[in-house]
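The structure appears below as structure tokens.
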Amino acid sequence: MPIWIFREYDRCSGCRYCEVACSLKHEGIIWPEASRIRVFEYVPGITIPVLCSQCTDYPCVQACPTKALYVDESTGAVRVDEGKCIKCGKCVEACPGRIPRILPQKDSVIICDLCGGDPECAKVCRALGFNALVVVDKWPGTHYKLYARDAEKITRDYIKKLYKVDPEEVM
Amino acid sequence: MPYGFTGKFVEVDLSSSKVRVVDVRRDLYRKFLGGRGLGSWILWERLGEVWEGLDPYSPENLLIVLTGPLTGYIAGVRLAITGKSPQSGGTVGSTIASEVGLELKCSGYDGLIVSGKAKDPVYIFVHDDKVEVRDASKVWGKGIRETHKLLLRDVLPELRKTPRFGEPKEPAMIYIGPAGENLCRFAAIEGKYAHAAAYGSYGSVMGSKNLKAIVVKGTGPLPPVYDVVKLKELIYKAIELVPKKAPRLRIWGTGQGPWRYGRDLSSIPVRNWQEEYWVEKSYSQYDLEVYDWVKRYWADYGCPLCCMKVTVLHRNGETVITDAPDYELLAYEGSNLDVWDVRDIAYLIWCGEELGLDMINAGNVLGFVAELFERGILTKDDLGFEVKWGDVKAFERLLKMIANKEGIGKVLAEGTYRAALKIAEMKGLKPEEVLKYAVQAKGIGIGAHGIRSGLDYPPISYVTSVQGGDHQSVAMLPLDAPPIVNEVWASLADSAVICQFNMLGGLDLVFDALRAVTGWNISKEEWVNEDAKRILTLQRVLLLLGGPDVYWDPRVHDDNPPRFYEPLPSGPYKGKAGDREEVKKLKVQYFSELGWDELGIPTKETLSRLGLTELEPAVERVRKRLGI
């Protein structure tokens, strides 16, 4: 059954061990900017973990001109065929949250692959006792796309809740 | 290149706006690691010859921002900042929890050296291999929150200039407030809202260079390590161990401190250290939980412990957003000023942090002023208004006057020690008549941990510390005593550049991590007997060289503030006080353990054993000045 990583902003401390665990697994070294999950902190104290939401209509996969992106049937993750990716950025443009990441130092686009069903980020978050990232079964529905927003938008909304100020005051 | 390092520093000369990348000699990494150790050595190498005459506010002083071998790899990101300190005349390895450390390494640099002085306000922007000096006129004069906001707006378009690459994460930043710009001698370098590298007053060194901020974004990986499998294992071990060893810090931050150090251990400053015990009931974490904190867990990168909270208050039409408050500031803006409502304390902290003040030293100065007012040494005529214990409005006014150097603020902005000398002069008093109310060591206000009850900090903590009143790096015996604030271990944390609290997971973990990252086999014994001694000896020599406005005489200044010899007037440890004879004995013992003579001057043999023979002429200069 496909899985999904639930993200609870209230519980995220911003320790960014998810980035450490993810890059250690995928890159073999600590590389926060190449992590498939990244915690944004545009405003101090407002820590927003952002990763692929596996939208049910997969706009990124549809937008890929070289068919480098495909859906992993078992987990529901978007996978990248590294040999085919030309770093054109069409997937970034198609994503409602502009979540895929292209780095000059890497040959292909970076998208969360759900670690084949046992995500390192959620494991480390649980080991830390924060449980801001929790793996759940992916129930049918299209609401997952709601989380595919860019970090700046989420931050602005979250500021109103936590700080009760106009976001313009702080960012 | 040794594992865990990039081997490069970026150097920015603000006078000419020239940027160059410099290689660091490989042997220096092993000798000094990074951070506080390596920074002190770079200062010695470049400025040692002219140290005593060097004005910390002159363009010739350096501001060095450093990472260390462990930065970013394990347990709590940190950044070390050093230079010739305007407070002590020596060097302080002033550290701040800041992702600037991580971003620098990801940009390919172990550190940043800033020299010269910009003509107009500027900030430095490091983006991978691109290093720019940019106009900061829009943020000059602004408070911390506004500075953070405007700088972010200034650099985000640049970071996003290739939209098809996706969203870059926010850059890390450190900056100063008006206090630093106006060369207040206890101005901090701030990060986020109230994270600060405060001891040493490097905020004012930045101000003297017209440098408002340093903004860094690196997109590369951390440098390769010696044994990544072992490192990964250690990271998970730290995650498991550290919170377990100090669960209270995750739940309450250090905000639980006032009860512990006030009620139980009698070591909290109360009314400028006139007492160190209090009986008020509603103070500390309960009130913080109920009134202040809106976010319970807030960490910086790589911290498994997570001792910070976010506090939000709405007051006088303003929204206060600040960190913890932590123990030190609860004590210094709280009990030390006779302010007991945590909302008042958080408000005062916010006022000061917004101005970019070091709020430990600010609280030290404010308490000193309130006591001088109480004793009639400073009057309403001097101050412009009354400064009574517990008067939040008066303290708020004073903070602004200090940061802007208005009225008496100009004198007070010099810090407790120098202000005491000036006030004595103003009032026609002998220096010691005012200095007896100044609770400081080597020009640096003492942190909120007393020595009189004998239960918290040991008697020579501040007496022989190479960083004066710094409560996070103090002297104790035996040399390898386990507290993490022992300067032997503090110099490790500040040179490997990790958070000291994360050493609570055990020192073995730190040494194992050092081995896994660098491949060096440094043992605990080796650290205590050689590496720590090398760093402390170097710092001691620079401290004794001192100058140009104040010089330290070991026979006079290697001592506790006079207040610590007055008996505690209240509490379960009433009557207890520092013992001059004991201090004298311990001091000599400590010096001898470090291979220094009875005045704390490193001997020739010690210098040669530690590979510091270059320091011999400097030691001779110290001897000559002291006439010994």
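Is at least one residue of segment A:63-80 of a type in the set (D, E, K, R) and free of Cβ contacts under 8 Å to residues at least 12 places away in the same chain? Don't jump to the end; show me each part of the working.
We begin by selecting, within segment A:63-80, every residue of a type in the set (D, E, K, R); these are A:67, A:72-73, A:79.
Narrowing further to those that are free of Cβ contacts under 8 Å to residues at least 12 places away in the same chain: A:73.
Within segment A:63-80 (the criterion being of a type in the set (D, E, K, R) and free of Cβ contacts under 8 Å to residues at least 12 places away in the same chain), the answer is yes, since at least one residue qualifies.
Given A:K138, A:K153, A:K87, A:K164, which one is touching a residue at least 60 places away in the same chain (Cβ under 8 Å) and surrounded by fewer than 20 Cβ atoms within 10 Å (Cβ to Cβ)?
Numbers: A:K153 fails: touching a residue at least 60 places away in the same chain (Cβ under 8 Å); A:K87 fails: touching a residue at least 60 places away in the same chain (Cβ under 8 Å); A:K164 fails: touching a residue at least 60 places away in the same chain (Cβ under 8 Å).
Matching residue, one of A:K138, A:K153, A:K87, A:K164: A:K138.
Is it the case that segment A:53-68 has a residue that's closer than 23 Å to B:A299 by Cα and within 14 Å of another protein chain (Cβ to nearest Cβ)? Please lay out each step first, then the result.
Taking segment A:53-68 as the starting set, the residues that turn out to be closer than 23 Å to B:A299 by Cα are none.
Checked against the condition, which is being closer than 23 Å to B:A299 by Cα and within 14 Å of another protein chain (Cβ to nearest Cβ), segment A:53-68 yields no hits at all.
Residues that are within 21 Å of B:P561 (Cβ to Cβ) and touching a helix residue (DSSP H, G or I) at 6+ places or on another chain (Cβ under 7 Å), at least 1 per element: which helices (runs of 4 or more DSSP H) completely within segment B:344-406 meet that? Spell out how you get there, then give the answer.
Working: elements: B:359-374, B:380-383, B:392-404.
Helices (runs of 4 or more DSSP H) meeting the threshold: B:359-374, B:392-404.
Of all residues in segment A:135-156, count the ones that are within 14 Å of chain B (Cβ to nearest Cβ) and in contact with a helix residue (DSSP H, G or I) (Cβ under 8 Å, 6 or more places away or on another chain).
3
Quick check on segment B:223-241. Is at least one of its residues outside any helix (DSSP H, G or I) and either surrounded by 22 or more Cβ atoms within 10 Å (Cβ to Cβ) or in the same structural domain as B:L104 (by TED's automatic domain parsing) (or both)? If you could, list the steps in order and put the result at the bottom.
Kept after step one, since they are outside any helix (DSSP H, G or I), are these residues of segment B:223-241: B:223-227.
When the remaining residues are screened for being either surrounded by 22 or more Cβ atoms within 10 Å (Cβ to Cβ) or in the same structural domain as B:L104 (by TED's automatic domain parsing) (or both), the result is B:223.
Looking for residues that are outside any helix (DSSP H, G or I) and either surrounded by 22 or more Cβ atoms within 10 Å (Cβ to Cβ) or in the same structural domain as B:L104 (by TED's automatic domain parsing) (or both), one finds at least one in segment B:223-241, hence yes.
So is A:E27 modelled with pLDDT of 95 or more, in contact with a Pro (Cβ under 8 Å, 6 or more places away or on another chain) and closer than 30 Å to B:W293 by Cα or not? Talk me through it step by step, then tell me what you get.
Details: modelled with pLDDT of 95 or more: yes; in contact with a Pro (Cβ under 8 Å, 6 or more places away or on another chain): yes; closer than 30 Å to B:W293 by Cα: no.
For A:E27, the condition - modelled with pLDDT of 95 or more, in contact with a Pro (Cβ under 8 Å, 6 or more places away or on another chain) and closer than 30 Å to B:W293 by Cα - is not met.
What are the residues in segment B:221-240 that are at the interface with another protein chain (Cβ under 9 Å from one of its Cβ atoms) and more than 17 Å from B:D508 (Cα to Cα), if any? I'd like the intermediate steps shown before the answer.
Just the residues of segment B:221-240 that are at the interface with another protein chain (Cβ under 9 Å from one of its Cβ atoms), to begin with: B:221-225, B:228, B:231-232, B:235-236, B:239-240.
Within segment B:221-240, B:P221, B:L222, B:P223, B:P224, B:V225, B:V228 meet the criteria.
Looking at A:C91, A:C115, can you tell me which residue is of a type outside the set (A, V, I, L, M) and on the phi < 0 side of the Ramachandran plot? Quick ask: steps written out before the conclusion?
Working: A:C115 fails: on the phi < 0 side of the Ramachandran plot.
On inspection, the qualifying residue turns out to be A:C91.
Could you check B:W552 against (1) modelled with pLDDT of 95 or more; (2) assigned to a helix (DSSP H, G or I); (3) within 21 Å of the chain's Cα centre (by Cα) and say which number it fails?
(2)
Does at least one position in segment B:568-581 carry a residue that is modelled with pLDDT of 95 or more, part of a helix (DSSP H, G or I) and within 16 Å of B:S461 (Cβ to Cβ)?
yes
This table checks each residue for (1) out of contact with any helix residue (DSSP H, G or I) (no Cβ under 9 Å at 6 or more places or on another chain); (2) crowded, with 18+ Cβ neighbours inside 10 Å.
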position	(1), (2)
B:T518	no, yes
B:N521	no, no
B:A532	no, yes
B:G546	no, yes
B:R563	yes, yes
B:Q589	yes, no
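For segment A:35-52, which positions are at the interface with chain B (Cβ under 7 Å from one of its Cβ atoms), touching an Asp or Glu at 6+ places or on another chain (Cβ under 7 Å) and buried (at least 22 other Cβ atoms within 10 Å of the Cβ)? Spell out how you get there, then give the answer.
Here is the first cut: in segment A:35-52, the residues at the interface with chain B (Cβ under 7 Å from one of its Cβ atoms) are A:38, A:40-42, A:44-45.
Subset that is touching an Asp or Glu at 6+ places or on another chain (Cβ under 7 Å): A:38, A:40-42.
Residues satisfying the conditions are A:R38, A:E41, A:Y42.
Pull up segment B:139-172, narrow it to residues that are among the aliphatic types (A, V, I, L, M) and either assigned to a helix (DSSP H, G or I) or away from chain A (no Cβ under 14 Å) (or both), then point me to the one that is farthest from A:I48 (Cα to Cα). Working first, answer last.
Our first condition is that a residue be among the aliphatic types (A, V, I, L, M); within segment B:139-172, this holds for B:139, B:144, B:150-152, B:155-156, B:159, B:172.
So of that shortlist, the ones also either assigned to a helix (DSSP H, G or I) or away from chain A (no Cβ under 14 Å) (or both) come out as B:139, B:144, B:150-152, B:155-156, B:159.
Details: B:V139: 26, B:I144: 22, B:L150: 20, B:L151: 20, B:L152: 17, B:V155: 20, B:L156: 17, B:L159: 19 Å.
Restricting to residues being among the aliphatic types (A, V, I, L, M) and either assigned to a helix (DSSP H, G or I) or away from chain A (no Cβ under 14 Å) (or both), the top hit is B:V139.
How many residues does segment B:486-509 hold that are under 30 Å from B:E605 (Cα atoms) and buried (at least 22 other Cβ atoms within 10 Å of the Cβ)?
Qualifying residue count for the region: 12.
For residues that are facing chain B (nearest Cβ under 8 Å) and basic (K, R), scanning just segment A:1-26, find the one that is surrounded by the fewest Cβ atoms within 10 Å (Cβ to Cβ).
Out of the qualifying residues, it is A:R11.
Could you say whether any residue in segment A:100-111 is under 15 Å from A:M1 (Cα atoms) and surrounded by fewer than 17 Cβ atoms within 10 Å (Cβ to Cβ)? It would help to see each step written out before you state the result.
As a first pass, look at segment A:100-111 and keep what is under 15 Å from A:M1 (Cα atoms): none.
There is no residue in segment A:100-111 that is under 15 Å from A:M1 (Cα atoms) and surrounded by fewer than 17 Cβ atoms within 10 Å (Cβ to Cβ).
Quick one: would you say B:A136 is buried (at least 16 other Cβ atoms within 10 Å of the Cβ), away from chain A (no Cβ under 14 Å) and either among the acidic types (D, E) or out of contact with any Asp or Glu (no Cβ under 9 Å at 6 or more places or on another chain) (or both)? Spell out the reasoning first.
Numbers: buried (at least 16 other Cβ atoms within 10 Å of the Cβ): yes; away from chain A (no Cβ under 14 Å): yes; either among the acidic types (D, E) or out of contact with any Asp or Glu (no Cβ under 9 Å at 6 or more places or on another chain) (or both): no.
No: the conditions fail for B:A136.
Has segment B:272-280 got at least one residue that is over 22 Å from the mean Cα position of the chain (by Cα), surrounded by 23 or more Cβ atoms within 10 Å (Cβ to Cβ) and not polar (S, T, N, Q)?
Keep residues of segment B:272-280 that are over 22 Å from the mean Cα position of the chain (by Cα), which gives B:274-280.
Then drop every residue that is not surrounded by 23 or more Cβ atoms within 10 Å (Cβ to Cβ), which leaves B:276-277.
Now narrow it down to the ones that are not polar (S, T, N, Q): B:276-277.
Yes; the residues of segment B:272-280 include at least one that is over 22 Å from the mean Cα position of the chain (by Cα), surrounded by 23 or more Cβ atoms within 10 Å (Cβ to Cβ) and not polar (S, T, N, Q).
So, in segment A:75-102, of the ones that are touching a helix residue (DSSP H, G or I) at 6+ places or on another chain (Cβ under 6 Å), within 13 Å of another protein chain (Cβ to nearest Cβ) and in a loop (DSSP other than H, G, I, E, B), which residue ends up nearest to A:E33 (Cα to Cα)?
A:I102
Checking B:A194 against (1) within 10 Å of another protein chain (Cβ to nearest Cβ); (2) over 28 Å from B:L412 (Cα atoms); (3) touching a Phe, Trp or Tyr at 6+ places or on another chain (Cβ under 9 Å), which test does it fail?
(2)
Which residues, counting only those in segment B:587-619, are under 18 Å from B:D553 (Cα atoms), touching a residue at least 24 places away in the same chain (Cβ under 8 Å) and not hydroxyl-bearing (S, T, Y)?
Once the filter is applied, which keeps residues that are under 18 Å from B:D553 (Cα atoms), touching a residue at least 24 places away in the same chain (Cβ under 8 Å) and not hydroxyl-bearing (S, T, Y), segment B:587-619 yields B:K587, B:F591, B:W596, B:L599, B:G600, B:I601, B:P602, B:A618, B:V619.
The values are calculated or read from the model by the stated rules, or taken from the named source; none is laboratory data. In this text, all values refer to a predicted model and were calculated from it rather than measured experimentally. Cβ atoms come from the backbone with ideal geometry, glycine included; neighbour counts cover every protein chain shown.
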